[in-house]
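Worksheet: one structure, shown below.
The values are calculated or read from the model by the stated rules, or taken from the named source; none is laboratory data. What you see is a predicted model; the values in this text were computed from it and never measured. Cβ placement follows ideal geometry from the backbone for every residue including glycine, while neighbour counts extend to all protein chains displayed.
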């Protein structure tokens, strides 16, 4: 399970957070807390919640199943 979680966090970080290069803007646009964005970006042990994944998927207009496919799960 930790491997899957790490893949999800790294995918979100590499695909959306790092390219945007603005934690506050990413948080606002994806309906999540800025602290969560910092954890995605910096915390190697962060356990992302399903609700956070769902909010990001909704903001990115991606179905949850498609997201998991894109993340390699």
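Among what's in the stretch 47-56 and is in contact (Cβ under 8 Å) with a residue 24 or more places away in the chain and surrounded by 14 or more Cβ atoms within 10 Å (Cβ to Cβ), pick the residue that is nearest to residue 4 (Cα to Cα).
For the stretch 47-56, the residue satisfying everything is 48.
Scan 59, 27, 4, 71 and give me the residue that is modelled with pLDDT under 95 and surrounded by 14 or more Cβ atoms within 10 Å (Cβ to Cβ).
On inspection, the qualifying residue turns out to be 71.
Report the residue count in the stretch 25-34 for those that are touching a residue at least 12 places away in the same chain (Cβ under 8 Å) and assigned to a helix (DSSP H, G or I).
The total comes to 1.
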